[in-house]
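Here the structure comes first, spelled out in structure tokens, and everything after it is commentary.
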Amino acid sequence: MSTVVIIGAQWGDEGKGKIVDFLTEKCDYVVRFQGGCNAGHTVVVGEEKYILHLIPSGILHKNKKCIIGNGVVLDPSGLLKEIETLTQKGIEIDNNLYIAKHCHLIMPYHIAIEEQSEKKKKIGTTKKGIGPCYTDKIARNGVRMIDLLYPDVLKNKIRANLEIINFLLKNLYNAETLDEANILTQYLNYAEKLKKYIADADILINKAIDSGKKVLFEGAQGTLLDIDHGTYPYVTSSNTIAGGACTGAGVSPRKIDNIIGIVKAYTTRVGEGPFPTEIKDSLGEEIRKRGGEYGATTGRPRRCGWLDLVGLRHSVRVNGFTGLAITKLDILDGIEKLKVCVGYKYGNSILEDFPKEIQILEDCMPVYEELQGWKESTAGIKNYEKLPDNAKKYLKFIEDSLKVKIQIISTGQKRDEIIIKESPL
Ligand code: IMP
């Protein structure tokens, strides 16, 4: 097996960073294929904690090629800050980072317009300009990485976009307008610093796969935030599901061997939108504290809830997971009874499938099965046999319900606090 896609199976923040970090040791290339600096991948190496937003976390390993694919939306100022922070910590970037020519750039006007639109209609975005940047991409007005090398093209695109954006900022939002010359100077300055990373990423990745190199595709956010298959409109603006790896990197579905769904042992969500299994009492608060459930990008407290198998079945279906990794099992230690949502009650009917209508999802009540919790600590356990019996039963329940094997279980923040039942690479 030489390629694997890592996907968040819930609403993001499943702990993908750690699993990616573990699998990176076994691979040669790590590719980001969607999203942008709205993502926050936390990796703990020794005593050092790294939060990466844009650069694949493979950069923390020596001599791994890290690629930002065409499906990503890239904020050059955020990227340069990330490069600087990592360089200061002794991480080598220059021979290891590649950015696709067709990667779209987040511009100051994307952030400005999102700031205003969030005031009118709150999605609870990260305010990083992600949605407006993808809007321009689809509307065919976007500025791409390669445009940085052609000042006239860059200038004309900025001018054409500002004409519309400034009109909206002034007349619709009554906000300050933006200056074309300032933005152009700023982006030409970024061009100087970033041009060495620009590459034909699709060619690079395909050549790597064809020559037998191991390639990991690192998803950001989660399935239920997918623009098509998530809880629209409370979603991010990209395809977060496994198929996104193909379009966002330029790789055929025929070249994908394994797809691993990362499932947190409970559920969390940041931002607005329906969340049927949300725990609104003190236990929710307790889980938030224990699990450190605060956004890696925005610091916002994450909403916490029980595991939702209805949402996860949907996730299994649209991604075709070949295996699962369960994260943060240790956070559930000591909770007497664990609830798992097995269906949704809507009016007088029980729904087994995740509803497509947001207004139905908003009115669904979870149907729970209760499982006995475990008193023992699972923190740092590395051997499956050493898990408490009830923890094994909890995992088996998930496996049987989803009909996908659990290959990895994470039992703590550190790199080695992990159980590998079967490696997907
Ligand atoms: P956006 O991606 O900034 O447009 O935000 C849209 C929605 O996706 C909001 O609910 C955000 O909280 C959520 N979101 C974006 N990135 C992440 C992430 O990395 N983890 C969890 N939620 C995210």
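Inspect the range 323-332 for any residue being part of a loop (DSSP other than H, G, I, E, B) and either away from the ligand (no atom under 16 Å from the Cβ) or within 30 Å of LEU216 (Cα to Cα) (or both) and give the result as yes or no.
For the range 323-332, residues part of a loop (DSSP other than H, G, I, E, B) and either away from the ligand (no atom under 16 Å from the Cβ) or within 30 Å of LEU216 (Cα to Cα) (or both): present.
Would you check which residues across the range 301-311 are out of contact with any Cys (no Cβ under 7 Å at 6 or more places or on another chain) and in a helix (DSSP H, G or I) and list them?
Within the range 301-311, just GLY311 meets the criteria.
A quick yes/no check of all residues on (1) touching an Asp or Glu at 6+ places or on another chain (Cβ under 9 Å); (2) hydrophobic (A, V, I, L, M, F, W, C); (3) within 19 Å of LEU425 (Cβ to Cβ):
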{"position": "ASN206", "(1), (2), (3)": "no, no, yes"}
{"position": "GLY230", "(1), (2), (3)": "no, no, no"}
{"position": "GLY244", "(1), (2), (3)": "yes, no, no"}
{"position": "ILE262", "(1), (2), (3)": "yes, yes, yes"}
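Within the range 110-139, track down each residue that is in a loop (DSSP other than H, G, I, E, B), in contact (Cβ under 8 Å) with a residue 40 or more places away in the chain and either among the polar types (S, T, N, Q) or more than 13 Å from the ligand (Cβ to nearest atom) (or both).
If the condition is that a residue be in a loop (DSSP other than H, G, I, E, B), in contact (Cβ under 8 Å) with a residue 40 or more places away in the chain and either among the polar types (S, T, N, Q) or more than 13 Å from the ligand (Cβ to nearest atom) (or both), then THR125, THR126 are the ones that fit.
So which of THR297, THR236 ends up being assigned by TED's automatic domain parsing to the domain that holds ALA201, under 23 Å from GLN34 (Cβ atoms) and of a type in the set (Val, Ile, Thr)? It would help to see each step written out before you state the result.
Numbers: THR297 fails: assigned by TED's automatic domain parsing to the domain that holds ALA201.
One residue alone meets the criteria, THR236.
Within the range 382-400, identify whether any single residue is more than 26 Å from the chain's Cα centre (by Cα) and polar (S, T, N, Q), and answer yes or no.
There is at least one residue in the range 382-400 that is more than 26 Å from the chain's Cα centre (by Cα) and polar (S, T, N, Q).
Any chance you could count how many residues in the range 316-361 are touching a Pro at 6+ places or on another chain (Cβ under 6 Å) and among the hydrophobic types (A, V, I, L, M, F, W, C)?
Number satisfying all stated conditions: 2.
Within the range 23-42, which residues are surrounded by 24 or more Cβ atoms within 10 Å (Cβ to Cβ), closer than 21 Å to SER410 by Cα and within 16 Å of the ligand (Cβ to nearest atom)?
Selection gives ALA39, HIS41.
Between a residue in the range 140-157 that is over 15 Å from GLU180 (Cβ atoms) and any residue that is in a helix (DSSP H, G or I) and of a type in the set (Ser, Thr, Tyr), which pairs come within a Cβ distance under 8 Å, given they are 6 or more apart or on different chains?
LEU148/TYR187; LEU148/TYR190
For the range 1-99, give me every one of the strands (runs of 3 or more DSSP E) that falls completely inside it and has 1 or more residues that are touching a Pro at 6+ places or on another chain (Cβ under 6 Å).
3-8, 29-32, 65-68
Residues GLY323, GLY273, GLY305: which one is free of Cβ contacts under 8 Å to residues at least 60 places away in the same chain and of a type in the set (Gly, Ala, Ser)?
Answer to the check: GLY305.
Where the second residue is buried (at least 22 other Cβ atoms within 10 Å of the Cβ) and part of a helix (DSSP H, G or I) and the first is of a type in the set (Gly, Ala, Ser) and lies in the range 68-92, which pairs have Cβ atoms under 8 Å and are six or more apart or on separate chains?
GLY69/ALA201; GLY69/ILE205; GLY71/GLY244
Among the residues of the range 94-108, is any surrounded by fewer than 16 Cβ atoms within 10 Å (Cβ to Cβ), out of contact with any Phe, Trp or Tyr (no Cβ under 8 Å at 6 or more places or on another chain) and among the hydrophobic types (A, V, I, L, M, F, W, C)?
no
Within the range 409-424, how many residues are polar (S, T, N, Q) and within 16 Å of THR322 (Cβ to Cβ)?
Total meeting the criteria: 1.
Any residue in the range 4-24 that is free of Cβ contacts under 8 Å to residues at least 40 places away in the same chain and either among the β-branched types (Val, Ile, Thr) or under 30 Å from VAL310 (Cβ atoms) (or both)?
no
Restricting attention to the range 310-369, and to residues there that are in contact with a helix residue (DSSP H, G or I) (Cβ under 9 Å, 6 or more places away or on another chain) and polar (S, T, N, Q), which single residue is nearest to THR3 (Cα to Cα)?
Among them, the one singled out is ASN319.
The values are calculated or read from the model by the stated rules, or taken from the named source; none is laboratory data. Remember, it's a predicted structure, so these values are computed and weren't measured experimentally. Using ideal geometry, Cβ is built from the backbone for each residue, glycine included, and neighbour counts are taken over all protein chains shown.
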